[in-house]
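Derivation of every value follows stated rules applied to the coordinates shown; laboratory data play no part. Keep in mind that this is a model prediction, so the values were computed, not measured. No Cβ is skipped: glycine too gets one built from the backbone with ideal geometry, and neighbour counts run over all protein chains shown.
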Amino acid sequence: MVVKEKISELLKRLNDGVFEKEEAIALTLLSAIAGESIFLLGSPGVAKSLTARRLKFAFKDGQSFE
């Protein structure tokens, strides 16, 4: 499996059960792979924390803090 297919499968799994947050999840994954930071700004209840929590599952032994 090539890298593009692996990333597509990973994004599919990260987006499973999430509505209209595909772009935000894809951008957080891109920033993590690139080793850069990302700042999620929005009103309460727009899935910022959900996006961050799901991102840790993209990495072996991923950890987060809140």
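Please work out whether the chain counts as rounded, prolate or oblate from its C-alpha gyration tensor, where a ≥ b ≥ c are the square roots of the eigenvalues and a/c under 1.5 means rounded, while otherwise a/b larger than b/c means prolate and anything else oblate? Prolate.
Report the one residue of 45, 28, 14 whose Cα lies farthest in the direction of the positive end of the charge dipole of the chain (charges on C-beta: Lys and Arg +1, Asp and Glu -1; origin at the Cα centre). In the chain, that residue is 14. Mean residue ellipticity at 222 nm, helices only, the chain: -15000 deg cm²/dmol; runs of at least 4 DSSP H residues each add -39,500 (n - 2.57), and the sum is divided by the number of residues. For the chain, the relative contact order works out to 30 percent when only alpha carbon pairs closer than 8 Å and six or more residues apart are counted. Estimated at 0.36 nm per residue, the fully extended path between residue 49 and residue 16 surpasses their Cα-Cα distance by 10.3 nm.
Pairs of lysine residues in the chain that meet both criteria, 8 or more places apart or on different chains and Cα atoms under 14 Å apart, total 4.
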